[in-house]
Amino acid sequence: MKLRPKTCPTLRRLSAVALVAGALAVPQVFAKGTGYLFISSEKDHSVRVLDGKTYAVVKEIRTAARPRHLAFNADRTLIYAACGKGEAIDVIDVGTLELVDRIGEIEDPELFDLSPEGKTMYISLEDDAKLGILNLEEHFATREEKPELAVAEVSEDEGDDDDDDKDDAKEGNDDDDDALAGLSTIDVGEEPEGVLVSTDGKTVYVVDAATNELKANIVVGNRPRRFAMTPDMQELWVTNELGASVTIIDAGANKIKTTVPFEPKGFRREDVTPVGIAMTRDGQTAFVGLGRANHVAVVDVATRKIQKYILVGKRAWNATFNRDQSLLYVVNGLSDDISIVDTSSLKAIKSIPAGRVPHTVLIDD
């Protein structure tokens, strides 16, 4: 299915903010806690499962082509994997470690987030300059049939490692007339990347959940990529990949408060490419992966000061805490590993092989 935008805004720098269908928050239900790490590997077309203590490989779960973003469902029994070149979102059973279902066809799904109760999936449709809004219950109840769960072939040479490359040769169906059950879309800025649903479910960054209309366009740094919200929901932090900075937005007024630049020693500005960001639950500290600068910046949220630059692997991309936030797992896309950072000492304590071009890690703890 190809979703064609009605309009294509010319400013690559626009970060569109609007509101999408309000949702009631429900108590979080935790998984049984296997301790497993789940890591998406773009070039291996798989999700690698590691033992959380020994870091031995438990299983390679094959998927559609180029799995990237991963997220648990509300009760943490399933994992959704956005497979960009496979034009699908694969569904993995956490208990059996098997690929059990697939949502498709979706052209080049990039990032997604779920409403608090897990019933609605918001998907950045990068090539079409749209936000996809997928009612999961409606989709599974009304689709004509379950898709065939074919997996991508793995080869030694999968092309450029860089996340920014584009490939017109996609797997899947190019029929413009196909419509995905339960999916609606909203036009947003060019090449939408990150998606974040507020904890109250009322706002989606990129959109107002009640009206499905854009509420604001906020011009931030060059190529905004990921979001993090402070626990009090007062500030939205946005990483600017080509701006070597993070923009801090007043979430109530939808206005920029300040911008924090990153300047690790020994790196040219163009090599400082922040993407992934993780905010501590107490709202005191933000950890920002600096991409090709091979460091994680530790930022004091209150003062906006850089506390430390932590050396990790090559192209520090996305970052995820364990449950008690004593450890930060940093995915390094060009050194094919994950760095484990001790958040008390602010030191990288271990490196783990993670397949070819790892993108995202989840921890079932």
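The values are calculated or read from the model by the stated rules, or taken from the named source; none is laboratory data. Please read all numbers here as calculations on a predicted model, not as lab measurements. Because the Cβ atoms are built from the backbone with ideal geometry, glycine has one as well, and the counts that use them run over all protein chains shown. When the accessible area is computed, the model is the full protein with side chains, heavy atoms only, and any ligands, DNA or RNA have been set aside. Shrake-Rupley method; radii C 1.70, N 1.55, O 1.52, S 1.80 Å.
Before moving on, here are some points about what is shown:
- Only a single item in (1) within 27 Å of Met233 (Cβ to Cβ); (2) at pLDDT 95 or above is not met by Asn254, and it is number (2).
- Test: residue in the range 273-288 that is open to solvent by 70 Å² or more (accessible area, probe 1.4 Å), on the phi < 0 side of the Ramachandran plot and under 19 Å from the mean Cα position of the chain (by Cα): yes
- All told, Glu105 meets the bar of being open to solvent by 50 Å² or more (accessible area, probe 1.4 Å), in contact (Cβ under 8 Å) with a residue 60 or more places away in the chain and not aromatic (Phe, Trp, Tyr).
- Restricting Val238, Val246, Val219 to residues that are modelled with pLDDT under 90 and either over 23 Å from Lys308 (Cα atoms) or in contact with a Phe, Trp or Tyr (Cβ under 8 Å, 6 or more places away or on another chain) (or both) narrows the list to Val219.
- Residue that is nearest to Leu70 (Cα to Cα), among those in the range 112-133 that are of a type outside the set (A, V, I, L, M), open to solvent by less than 10 Å² (accessible area, probe 1.4 Å) and not in a strand (DSSP E or B): Ser115
- Restricted to strands (runs of 3 or more DSSP E) entirely inside the range 37-80, those with at least 3 residues that are buried (at least 22 other Cβ atoms within 10 Å of the Cβ) are 37-41, 46-50, 67-72.
- Meets criteria (more than 20 Å from Arg225 (Cα to Cα) and acidic (Asp, Glu)) for Asp271: no
- Filter result for the condition that a residue is closer than 28 Å to Ala74 by Cβ and at pLDDT below 85, over Gly182, Gly172: Gly172
- Condition check for Glu145: in a helix (DSSP H, G or I) and either basic (Lys, Arg) or open to solvent by 10 Å² or more (accessible area, probe 1.4 Å) (or both): no
- Test: residue in the range 328-336 that is within 21 Å of the chain's Cα centre (by Cα), at pLDDT 95 or above, among the aromatic types (Phe, Trp, Tyr) and under 27 Å from Tyr80 (Cβ atoms): yes
Conditions (1) more than 21 Å from the chain's Cα centre (by Cα); (2) over 12 Å from Ala286 (Cα atoms); (3) open to solvent by 30 Å² or more (accessible area, probe 1.4 Å), marked per residue:
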position	(1), (2), (3)
Ala228	no, no, no
Thr239	no, no, no
Ala244	no, yes, no
Ile249	no, yes, no
Lys257	yes, yes, yes
Pro264	yes, yes, no
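- Pair list, Cβ under 8 Å, 6 or more apart: the range 220-234 residue closer than 15 Å to Lys202 by Cα and outside any loop (DSSP other than H, G, I, E, B), other residue polar (S, T, N, Q) and open to solvent by 40 Å² or more (accessible area, probe 1.4 Å): Met229/Thr199
- Residue in the range 301-316 that is within 20 Å of the chain's Cα centre (by Cα), crowded, with 20+ Cβ neighbours inside 10 Å, part of a strand (DSSP E or B) and touching a residue at least 24 places away in the same chain (Cβ under 8 Å) present: yes
- Any pair with Cβ under 7 angstrom, 6 or more apart, that starts in the range 334-356 at a residue that is touching a residue at least 60 places away in the same chain (Cβ under 8 Å) and ends at one that is of a type in the set (Lys, Arg): Leu334/Lys314; Leu334/Arg315; Ala354/Arg48; Gly355/Arg48; Arg356/Lys43
- Note on the range 322-354: residues that are assigned to a loop (DSSP other than H, G, I, E, B) and either open to solvent by less than 10 Å² (accessible area, probe 1.4 Å) or of a type in the set (A, V, I, L, M) (or both) amount to 4.
- Residue in the range 237-260 that is over 24 Å from Val357 (Cα atoms) and aromatic (Phe, Trp, Tyr) present: yes
- Selection within the range 236-276 - of a type outside the set (A, V, I, L, M), touching a residue at least 24 places away in the same chain (Cβ under 8 Å) and part of a strand (DSSP E or B): Trp237, Thr239, Asn240, Ser245, Thr247, Lys255, Thr258, Thr259
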